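Notes follow the structure.
All of the numbers you see were taken from the coordinates with simple rules; none came from a lab. This one's a predicted model, so the numbers in the text were calculated from it and none came from an experiment. All Cβ positions, even for glycine, are placed from backbone atoms using ideal geometry, and neighbour counts span all protein chains on display.
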Amino acid sequence: MAKQTVLITGGAGFIGSHLCKKLLAGNYIVICLDNFITGSRANLEPLAKDKNFQLEVCNVSSTINIPGKIDYVLHCASLASPKDYLDFPIQTLKVGSLGTHNALGLAKKKKAVFMLFSTSEVYGDSLEHPQKESYWGHVNPIGVRGCYDESKRFAEAITMAYHRVHKLDTKIIRIFNTYGPGMRHNDGRVIPNFIDQALGGGNLTVYGNGKQTRSFCYIDDLVEGILRLMVSKENTPVNLGNPAEFTIIRLAELIIKLIGSKSKVIFKKLPQDDPQQRQPDINKAKKLLAWEPVVPLEDGLKRTISWFRGLN
Ligand code: UDP
């Protein structure tokens with residue numbers, strides 16, 4: 001059978017580059033689009049020589065023009081770290097809205113399957129716990145996180161409209177906190193921050209009282225879920241994340257222990273609209289995709305720490 005072609009927007013980012021690697025190993029042709037606003041060329045270095053890999057430097061919020069056959073369009077491009085979307089709110093809004101529109105237009109032209117990389121942020125500072133796909137969310141549209149949350153909510157709405165109007169085969173994943181090798185040192189999210197701080201012997205900056213929770217999914221588990229959804233028949237949103245929930249303070253203590261560091265925890269101001277509790281309900285993914293995460297936090301952190309040490 002002829003190889004299928006997958007186009008990934010944001011393919012040089014943390015999740016995108018892991019996905020590129022896995023797709024190439026799975027015998028797909030991969031076209032990666034990135035403007036490197038947060039993506040990194042180093043993430044793609046191991047793939048550069050693969051004859052089935054093609055990199056196009058472009059801004060998907062402007063236009064996407066790729067000749068030839070494309071079977072899947074995975075719209076992964078986004079500024080996903082709160083630090084990044086606070087620094088670049090307009091680019092964040094544009095890639096979630098204009099970028100999604102362009103990627104959908106490409107999928108329609110190519111008669112390709114389309115997948116939107118959405119986020120648990122569509123639930124906002126959730127009033128329901130754990131979060132099921134049926135929950136409509138609790139989002140402050142004009143707060144500082146609104147640029148991310150609302151652009152992803154718009155992205156979901158336009159994806160469903162293309163599905164309903166143009167009969168496009170669309171998929172939506174809502175990704176919960178994900179971590180692993182390949183995250184940027186200056187990413188700003190909690191796991192890279194804590195690992196860098198503990199490795200450097202500095203204090204770990206816990207925002208607020210540290211009692212807020214997150215549920216952390218190791219990258220390999222997430223990628224497996226994405227690949228299963230990509231070839232499934234499901235068109236409505238599916239949560240992908242690890243339901244094991246941790247307070248941020250517990251995460252800080254665990255990272256200090258695993259690194260064997262003498263670092264202490266210090267408390268800083270909680271960012272505005274920081275969600276208090278986040279835990280995915282993954283029953284839908286379990287049922288539809290026979291998927292659930294298998295890497296416990298401690299194991300995933302060990303692998304991530306060793307990557308941050310420059311060991312793998
Ligand atoms: N956080 C923290 N210290 C840091 C970075 C983040 O305490 O140095 C907290 C942040 O306030 C939030 C949680 O860790 O409650 C997860 O933040 P992150 O930026 O990783 O992503 P989010 O889940 O908020 O999108």
Report, ordered by the first and then the second residue, all pairs with beta carbons closer than 9 Å, sequence separation of six or more or different chains, a first member in the range 253-267 that is closer than 12 Å to Lys302 by Cα, and a second member that is polar (S, T, N, Q).
-> Ile255/Gln197; Ile255/Ser261; Ile255/Ser263; Ile256/Ser263
Candidate set: the range 197-220, residues that are near the ligand (Cβ under 7 Å from one of its atoms) and either buried (at least 17 other Cβ atoms within 10 Å of the Cβ) or of a type in the set (Val, Ile, Thr) (or both); chosen: the one farthest from Gln279 (Cα to Cα) = Thr205
Candidate set from the range 145-196 (those that are among the acidic types (Asp, Glu) and within 16 Å of the ligand (Cβ to nearest atom)); member that is farthest from the chain's Cα centre (by Cα) = Asp196
Which of the residues that make up the range 74-100 are in contact with a helix residue (DSSP H, G or I) (Cβ under 6 Å, 6 or more places away or on another chain) and assigned to a helix (DSSP H, G or I)?
-> Tyr85, Pro89, Thr92, Leu93, Gly96, Ser97, Thr100
Select, from Ser61, Ser120, the only residue that is surrounded by 15 or more Cβ atoms within 10 Å (Cβ to Cβ), farther than 26 Å from Gly225 by Cβ and touching a residue at least 40 places away in the same chain (Cβ under 8 Å).
-> Ser61
Please determine, by comparing only the residues of the range 275-291 that are charged (D, E, K, R) and touching a residue at least 12 places away in the same chain (Cβ under 8 Å), which one is farthest from the ligand (Cβ to nearest atom).
-> Lys284
Which residues, counting only those in the range 290-306, are more than 19 Å from the chain's Cα centre (by Cα) and in a loop (DSSP other than H, G, I, E, B)?
-> Ala290
With respect to the numbered conditions (1) touching a strand residue (DSSP E or B) at 6+ places or on another chain (Cβ under 7 Å); (2) surrounded by fewer than 22 Cβ atoms within 10 Å (Cβ to Cβ), which one is the sole condition not fulfilled by Gly182?
-> (1)
The condition from (1) under 15 Å from the mean Cα position of the chain (by Cα); (2) of a type outside the set (D, E, K, R); (3) farther than 17 Å from Met115 by Cβ; (4) not in a loop (DSSP other than H, G, I, E, B) that Ala42 misses is numbered (1)
Run Leu79 past the list (1) hydrophobic (A, V, I, L, M, F, W, C); (2) buried (at least 22 other Cβ atoms within 10 Å of the Cβ); (3) more than 16 Å from the ligand (Cβ to nearest atom) and report the number of the one that doesn't hold.
-> (3)
Sort out which residues of the range 66-113 are free of Cβ contacts under 8 Å to residues at least 12 places away in the same chain and more than 19 Å from the chain's Cα centre (by Cα), and write them in order of number.
-> Pro67, Lys109, Lys111
Checking Lys284 against (1) charged (D, E, K, R); (2) crowded, with 16+ Cβ neighbours inside 10 Å; (3) within 25 Å of Asn140 (Cβ to Cβ), which test does it fail?
-> (3)
Taking only the range 224-274 into account, find how many residues are in contact with a Lys or Arg (Cβ under 9 Å, 6 or more places away or on another chain), more than 13 Å from the ligand (Cβ to nearest atom) and not in a helix (DSSP H, G or I).
-> 8
How many of the residues in the range 21-39 are under 17 Å from the mean Cα position of the chain (by Cα) and part of a helix (DSSP H, G or I)?
-> 3
